[in-house]
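Down below is the structure, laid out as structure tokens.
Values in this text are rule-based calculations from the coordinates and carry no lab data. In this text the structure is predicted, and so the values were computed from the model without any measurement. As a convention, Cβ positions derive from the backbone with ideal geometry for all residues, glycine included, and neighbour counts pool all protein chains shown.
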Amino acid sequence: MKGRDYCVVPTADPPGSASASPLSPSSPAALPKKKMPQRKWEVHPGRNKFHCNGRIMMARQTGIFYFTVALIVVTCGLFFGFDCPYLAVNLTPAIPVIGIVLFVFTMSTLLRTSFSDPGVIPRATPDEAADIERQIEVPNGQPSPSYRPPPRQKEVVVNGQTIKLKYCFTCKIFRPPRASHCSICDNCVERFDHHCPWVGNCVGKRNYRYFYMFILSLALLCVFLFACVITHIIMRSQKANFLKAMQQSPASVLEAVVCFFSVWSILGLAGFHTYLTTSNQTTNEDIKGSWSSKRGRDNYNPYSQGGIVKNCFAVLCGPTTPSLLDRRGVVEPDPTPQQYTMQMNGTGVRLGNYGAIPTQTTTVQPPAQPQQDLDDNHQQPASKTTESPETAKSNNTTDSGYSGYQGNTATTPNETASTPGALPPINGSESVASIVSSPAVLPTLAPPPAGANPPVTPVQSTSPPPRSVSEGDALGDDYNKGMSNFGSI
């Protein structure tokens, strides 16, 4: 309307609008990226590999594990592709069902053994390790003939049998009974049995039952495949000769060869672990002969339940203990992080956050300013005086950037002696050029010997270059002298 003034008030664009500036504080690009918390499996000190955000734990050497998986899958694939159709039609349709059940059970136990925590014992914290080392080390650092340091092992009694707990120098702990340190994975494992490269993991307290079921089911699968393949070839050979039956089904020949060379070792391994399960022993204890009667009549297995069935139930049907590793837990930062800060001229410069380094502040004092500055912009105002022609000539020569020999410069009675490095005071009858050329500022050189040319000391100056002198200039003689001196530099 007439008589009224209107103004346009600028409004901020919403964060999601297309016209929002990418550098505005409300834009997503300007917001700081939130740092993801670090998980404990990322800083695990052992030689292990983790997948699926720490849910899968394996050893680093997994090449033989992949070979095991490929061998089982390829062999069973050939069986289901070439043998099962013929046997299901001519013999019984239950063969494919039995094969599928054995294959699925074998692969599930294999993956469960390979991807699980075998029972790794966490390493000691720095405080716990320091406390143990303090108990073991010699007091005051000086051993005496009568002092005997505590041994690197402890003794406990389990069901009347004395068990020695050995000290692990890597994990800084006293290993519990039946535990051992795996040199491949670099971890102490509870109820350590052995490290199996075929499954790509250690076999311990938490995955032994799955390993035993994998060996047992693999032995059954191998025997089942070998029996079915031989049956298939024999049934084909009844209609024709044996060589022609092998030519009609070459995949059956390959399966028979693989199963024949594998079944003996797998059956032997399954029988050995069946013996260990019924006696409640581990491979490590059996190889070392820990509970062998050769060590004495009083030496027996304190972990045996007193019978084959009870031992099998204790090993295979007992409760699964939870993992001692909080693999997916968040690493807690130092609760009291300390910083090292240096202050210079009132400005703090952060050099880093070193955690254990105590807070230290270093103040650097600026250098002391001289009492008098020679810069033309900071010189004190001097009283106007009339200069003589001789003084003007010397000033013009000095301001031109060329100074001659200063050895014969005399000190006037008005000049006062000053200490080396200090600037003389500026009087009203002196100029900046005369002070610069004074002996207090430039070092006085010794007079040259007779007949020698006087040395020339160049002085850097910020004054403009020398002006040109014509033939009729009154200062021509002084200029020629100055140029002769400059030419000798």
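So the values come out like this:
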read-out	value
Val223 versus Thr92: modelled label distance in nm, points set 7 Å from Cα along the beta carbon direction	1.6
Gain upon complete extension [Thr274, Ile308; 0.36 nm per residue less C-alpha separation]	11.2 nm
Most positive-pole-ward Cα, Gly289, Val203, Leu243, against dipole of the stretch 188-290 from beta carbon charges	Leu243
Among the listed pairs Lys40/Lys164; Lys40/Lys205; Lys49/Lys154; Lys35/Lys205; Lys288/Lys310; Lys172/Lys310, those beyond 27 Å (Cα-Cα)	Lys40/Lys164; Lys49/Lys154; Lys35/Lys205; Lys172/Lys310
Rough spin-label spacing in nm, given labels placed 7 Å along Cα→Cβ, for Ile132 and Asn159	2.6
At R0 = 22 Å, FRET efficiency that the Cβ-Cβ distance of Phe169 and Thr125 yields, to 0.05	0.85
Sequence ranges 187-200, 236-249, ranked by mean other-Cβ count within 10 angstrom, highest first	187-200, 236-249
